[in-house]
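Asker: Quick one: structure below, then a few questions.
The values are calculated or read from the model by the stated rules, or taken from the named source; none is laboratory data. Not measured: the values here are computed from a predicted model. Cβ placement follows ideal geometry from the backbone for every residue including glycine, while neighbour counts extend to all protein chains displayed.
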């Protein structure tokens, strides 16, 4: 099989898996998603306690993503939310109540920081995805926003997913950026050695 054929095969397999995991996520009720998310949120609080007040890149969850802030016990001092700029995705310091709704080019209404928010590079980034494997490979939605951002990022990448989204192996291309750790409602998978904050 040639290089082009291999690329096409991986691309097709990713599309098949995206469809598979989207169907899986749609099978969860809102109550199930809330319960699973609360468990992850509690474990996230314990995980973040390893650092002394880190800046954390978070996200505004879509309907089928882990609601990382589901637990009232989760305390984050320095919130950073992503937004698209002319130079790609960046993170900005912003409290949840300061977010504004913006329709992105791909047709989804997202809550993003106001244009006045300062740009900051997070110590840790919470990363949603459709699936993750034991090696930290992430299956995203196909936009490539996180992969491009992480190609220059040197902090810690923490994938958040439900147990059913974790698997042994996912197809991986050279541009795919791997996670340092994965957190589900029942387990923490540390792919890379623990990183102390600088």
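Asker: Counting only residues that are more than 13 Å from the chain's Cα centre (by Cα), surrounded by fewer than 20 Cβ atoms within 10 Å (Cβ to Cβ), touching a residue at least 12 places away in the same chain (Cβ under 8 Å) and not in a helix (DSSP H, G or I), how many does the range 156-197 have?
Answerer: Total satisfying the criteria: 20.
Asker: Ok, one more. Would it be correct to say that residue 58 is buried (at least 18 other Cβ atoms within 10 Å of the Cβ), within 20 Å of residue 102 (Cβ to Cβ) and at pLDDT 95 or above?
Answerer: It is true that residue 58 is buried (at least 18 other Cβ atoms within 10 Å of the Cβ), within 20 Å of residue 102 (Cβ to Cβ) and at pLDDT 95 or above.
Asker: For residue 29, indicate whether it is modelled with pLDDT under 95 and either farther than 19 Å from residue 132 by Cβ or surrounded by fewer than 20 Cβ atoms within 10 Å (Cβ to Cβ) (or both).
Answerer: No.
Asker: With the requirement that a residue be within 17 Å of the chain's Cα centre (by Cα) and surrounded by fewer than 17 Cβ atoms within 10 Å (Cβ to Cβ), what does the range 75-88 give you?
Answerer: Listed by number, the residues that qualify are 84, 88.
Asker: Same structure again: Looking at the range 91-119, which of the residues that are closer than 21 Å to residue 152 by Cα and surrounded by fewer than 17 Cβ atoms within 10 Å (Cβ to Cβ) is farthest from the chain's Cα centre (by Cα)?
Answerer: Only one residue tops the list, namely 118.
Asker: I'd like the full set of residues that are in contact with a helix residue (DSSP H, G or I) (Cβ under 9 Å, 6 or more places away or on another chain), in a loop (DSSP other than H, G, I, E, B) and surrounded by 18 or more Cβ atoms within 10 Å (Cβ to Cβ), limited to the range 130-153.
Answerer: Hits for the range 130-153 are 130, 140.
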